[in-house]
1. Show me, bin by bin at 5 Å from 0, the whole-percent P(r) of region 315-368 based on Cα pairs.
2. Which of Ser94, Ser22 comes first, and how do the rest follow, when ranked by fewest Cβ neighbours within 10 Å?
3. Size of the dipole of the chain about the Cα centre, Lys and Arg at +1 and Asp and Glu at -1 on the beta carbon, nothing else charged, in debye to 20?
4. Subtracting the Cα-Cα distance from 0.36 nm times the residue separation, let me have the gained length for Arg25 to Arg161 in nm, one decimal.
5. Let me know the whole percent of all Cα-Cα pairs from region 81-236 that are separated by more than 29 Å.
6. Please arrange Leu147, Leu325, Leu261 by how many other C-beta atoms lie within 10 Å of their C-beta, fewest to most.
7. Nearest 5 is fine: what % of DSSP beta bridges in the chain come out antiparallel, could you say?
8. Kirkwood hydrodynamic radius, computed over distinct alpha-carbon pairs, for region 252-390: how many Å, to one decimal?
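Just so you know, all these numbers are worked out from the coordinates, no wet-lab data involved. Bear in mind that the values here come from a model prediction, so they are computed numbers and not experimental data. Methodologically, a virtual Cβ is constructed for each residue, glycine included, from the backbone with ideal geometry; neighbour enumeration extends over all protein chains shown.
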Amino acid sequence: MTTGFTAAAPRRRVVLLGATGSIGRQCCDVIARFPDRFELVGAVAGSDAGALAEVVNRFGVRRAAVVSPRPGQRRPDGIGAGIEAACEVAAMESDVVCVAIPGAAALRPTLAAIEAGRTIATATKEVLVMAGELVKRRAAAVGAGILPVDSEHSALWQCLRGERAESVARIVLTASGGPFRERDPATFATITLEEALRHPTWNMGPKVTIDSATMMNKGLEIIEAHFLFDVPYASIGVVIHPRSIVHSFVEFIDGATIAQLGIPDMRVPIALAIADGERLPGIAAPVQLTASSPLEFFEVDPARFPAVGLARAAGETGGIAPAVLNAANEVAVAAFLDRRLGYDAIVPLVAETLAAAALVRQPSLNDILDADAFARQFAARHLEPGVMQA
Ligand code: MG
């Protein structure tokens, strides 16, 4: 006020894509706790205009849009509708765009933000899984930064800060192993929706919870890590760590390993990303290692969790293969959530769709969207009972 001390840093202007979902609400928590650090200037919701209006009023958001308004739901004044309106909010003037719209729907708004040169903090792994090559190419061309919010990738980012790329021997993602880590695979056909939704450590939305049970989530995260950190697939490992305390680790060429630990709380990686890597006080309590020991780690059994190898192979194939993998998995998981597909049929349906897709290298956005549409149609058609038995 009166001194010559450096003025407080200006508030970081945040645009939040997916403001009403699980990650979006936690991002709002962080912003609300640090009103002197963050200003929520733009918000996009998938379909819930009512919940979005609450966010708009609470934070005085300047621009907002809902991608697919629910039929019959009244849309408050000032909230736009449709994908173009969402892209406009994504591209508006800001310091960081937090991407938390689940699934493929995040792709176009994220690309709009990148084309406008915005820094992306992505919690939506599909953005890099579907379009990693394209997103990286465009971000490099315009100088847009990409920061991770996914907890494992945030951990890797923290482990890699200040290190040289040539010092890295291997990055290793940890996985809880989900609810079926020890279940007899011979009984996988009888797994119910309720059993699959019971995640042992993280409280997340239903799609990612099922992906954690099959470990397709970790497969998608291998692809995400490849693009975020420019590490070859052969140098990306996965281990099962049931307590979800070690969020991932990096092995260096000199034999040193650096890991990031913490209680499972997504507000830590969210805050770190929207603050551009700066640590804010009191986001979560530190992990109590004396209470949480022993820290156990196990190899991934490829027969129990075939999704991990399938995703890794799709990543190595490159081109549109990861987009096909992702879309087929979305269809299969939605069908399982709808009780139209058995748990043990999810990954085989994804593999069948991948095998049927024609490879396109260096895909454009249209190639990616075509591959996504192909995979959705193929997988949906092969859900039909007559086709399944054929
Ligand atoms: Mg994760």
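1. 4, 22, 27, 20, 13, 9, 5, 0
2. Least to most surrounded, the residues fall as Ser22, Ser94.
3. Numbers: 36 positive and 42 negative charges, 170 e Å.
Around 820 debye, computed over the chain.
4. Full-extension gain reported as 46.2 nm.
5. Values: 3115 of 12090 pairs.
The calculated P(r) of region 81-236 puts 26 percent of pairs beyond 29 Å.
6. Placing the least packed residue first, the sequence is Leu261, Leu147, Leu325.
7. Antiparallel: roughly 30 percent of the beta bridges in the chain.
8. That comes to 18.4 Å for region 252-390.
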